[in-house]
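Working notes, beginning with the structure itself.
The values are calculated or read from the model by the stated rules, or taken from the named source; none is laboratory data. Source: prediction; values computed, not measured. Because the Cβ atoms are built from the backbone with ideal geometry, glycine has one as well, and the counts that use them run over all protein chains shown.
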Amino acid sequence: MTQVTDAPSLDDPWTVPTTYWHRLEDGRVQCDVCPRACRLHEGQRGLCFVRGRVADQVVLTSYGRSSGFCVDPVEKKPLNHFLPGTPVLSFGTAGCMTSGTSSSRP
């Protein structure tokens, strides 16, 4: 079993490099996934706590990990008219939902 630590590592099979980031002039890297635009030094994690800087790149530390599973009725889902009365598997992952930031805010 893989031990979870605070410092992300590329040796962890659940840590994978990401695409949406860029390097800043001051040496930090900026994550471009959400409006928070976290600017990270080596070893730091973003506010979502699932992305961090490792080996001079932004990595996802929760790849393949689920924080919860549940069987729900399909009527709770956006596809509620598809096969009414049937169960559907719901799952989620850890991470920030941008906690209060929204593109609709002025």
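Let's see how each residue does on (1) modelled with pLDDT of 85 or more; (2) assigned by TED's automatic domain parsing to the domain that holds GLY52; (3) of a type outside the set (Ser, Thr, Tyr):
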| site | (1), (2), (3) |
| --- | --- |
| VAL71 | yes, no, yes |
| LYS76 | yes, no, yes |
| LEU79 | no, no, yes |
| LEU83 | yes, no, yes |
| PRO87 | yes, no, yes |
| SER99 | no, no, no |
| SER102 | no, no, no |
| ARG105 | no, no, yes |
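Report those strands (runs of 3 or more DSSP E) wholly inside segment 24-76 carrying at least 1 residues which are polar (S, T, N, Q). Of the strands (runs of 3 or more DSSP E) lying wholly inside segment 24-76, those with at least 1 residues that are polar (S, T, N, Q) span 29-31, 57-60. Residues in segment 13-72 that are more than 12 Å from the chain's Cα centre (by Cα) and closer than 13 Å to CYS96 by Cβ: PRO35, ARG36, ALA37, CYS38.
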